[in-house]
Amino acid sequence: MLDNIYSQKRDVTPFKFDEAVVKVFQDMIGRSVPGYELTLPLIGLIAARYVQPNSRVYDLGCSLGAASVIMRRHIQQDGVHMVGIDNSEAMVEQCTQNIAADESDIPMDVMLGDIRTANIQNASMVVLNFTLQFIDPTDRDRLIEKVYAGLNPGGVLVVSEKIVFDDEDKNERFIDLHHDFKRANGYSDLEVAQKRTAIMNVLIPETIPDHQARLLNAGFQSAELWFQAFNFCSLLAIK
Ligand code: GEK
């Protein structure tokens, strides 16, 4: 369904993943996040290579399960169990239906919950595909440390994020290009402006070096940038 949530002038309140957003989410994220649609099949390839037999795969902030569905198609290892967690009831309801409709031998639990308090264990792959940016920055270190503790040696964490740059000119250039991307995908100036207001203080981006430092401090052996499109990127951290 077409995302026209901000197409008319309205009182803009802080962005929430409610039922109205769930209905248009696939269209919204595809037209708003440069590279989102490419991160998915590439996450599938990462899963094919790094998921270990008899382990768990976690999709944290799974939304409608797009990354999970792709990973399920790529995982060939035996005994894998998948877990998707999201704290939006509307997302979890729709994701549960999507996973049930997706034919796969890999069992998956879709759970309503806050990823900050979720139990992570025996994991060989954890995905935070554009989710960490919505977590209070003061809780991010603890969350990444918990993910690290729950991963098996050789396991991986994928962190995809909107990012900022310390260099103000560069930052502005990429914000402008991101807005060009949205306009090229049919969003009006009003939609771009109202969404920007709604997301302010809800989505808090950090720099690539901030993310890498957090991952390395948590104990990951490496935290490599594997994808970037304007001010959106993805990192692969290996335990
Ligand atoms: C995808 N990964 O399509 N606990 C659980 N879920 C949360 C929390 C939290 N504390 N905070 C936010 N969320 C998906 C896309 S969207 C990205 C992820 C975007 C959830 C929130 O409800 C939403 O579903 C998701 O994180 C972020 O690959 O909308 O830009």
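The values are calculated or read from the model by the stated rules, or taken from the named source; none is laboratory data. Note that the structure is predicted; figures quoted are calculated from it, not measured. Note that each Cβ is placed from the backbone with ideal geometry, even for glycine, and that neighbours are counted across all protein chains shown.
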*asked:* Among the residues of the stretch 187-199, are any of a type outside the set (Phe, Trp, Tyr), buried (at least 17 other Cβ atoms within 10 Å of the Cβ) and under 17 Å from the mean Cα position of the chain (by Cα)?
replied: yes
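Each row is one residue, and each column tells you yes or no for (1) at pLDDT below 95; (2) touching a Cys at 6+ places or on another chain (Cβ under 8 Å); (3) not polar (S, T, N, Q).
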residue: Asp136; (1), (2), (3): no, no, yes
residue: Asp139; (1), (2), (3): no, no, yes
residue: Asp166; (1), (2), (3): no, no, yes
residue: Asp169; (1), (2), (3): no, no, yes
residue: Glu172; (1), (2), (3): no, no, yes
residue: Leu190; (1), (2), (3): yes, no, yes
residue: Thr207; (1), (2), (3): no, no, no
*State all residues of the stretch 27-46 that are in contact with a Leu (Cβ under 7 Å, 6 or more places away or on another chain) and buried (at least 18 other Cβ atoms within 10 Å of the Cβ); if no residue qualifies, say none.*
Ile46
_Step by step: first the residues of the stretch 16-26, then only those that are within 11 Å of the ligand (Cβ to nearest atom) and not β-branched (Val, Ile, Thr), then the one that is surrounded by the most Cβ atoms within 10 Å (Cβ to Cβ). Which residue is that?_
Phe25
*If you take the residues in the stretch 99-114 that are away from the ligand (no atom under 13 Å from the Cβ) and not in a helix (DSSP H, G or I), which one is farthest from Val202 (Cα to Cα)?*
Asp105
*Hits in the stretch 33-83 (condition: more than 16 Å from Thr131 (Cβ to Cβ), assigned to a loop (DSSP other than H, G, I, E, B) and within 13 Å of the ligand (Cβ to nearest atom))*: Pro34
_Breaking point among (1) in a helix (DSSP H, G or I); (2) touching a residue at least 24 places away in the same chain (Cβ under 8 Å), for Cys233_ = (1)
*Out of Glu191, Glu224, Glu206, which single residue is in contact with a strand residue (DSSP E or B) (Cβ under 9 Å, 6 or more places away or on another chain) and within 16 Å of the ligand (Cβ to nearest atom)?*
Glu206
*The listed residue being assigned to a loop (DSSP other than H, G, I, E, B) and either β-branched (Val, Ile, Thr) or closer than 17 Å to Glu206 by Cα (or both), out of Thr117, Thr138, Thr96*: Thr117
*Which residue out of Val164, Val147 is surrounded by fewer than 20 Cβ atoms within 10 Å (Cβ to Cβ) and within 16 Å of the ligand (Cβ to nearest atom)?*
Val164
*Sort out which residues of the stretch 130-144 are more than 9 Å from the ligand (Cβ to nearest atom) and not aliphatic (A, V, I, L, M), and write them in order of number.*
Pro137, Thr138, Arg140, Asp141, Arg142
*asked:* Yes or no: the stretch 84-91 includes at least one residue that is within 12 Å of the ligand (Cβ to nearest atom), surrounded by fewer than 15 Cβ atoms within 10 Å (Cβ to Cβ) and within 21 Å of Leu132 (Cα to Cα).
replied: yes
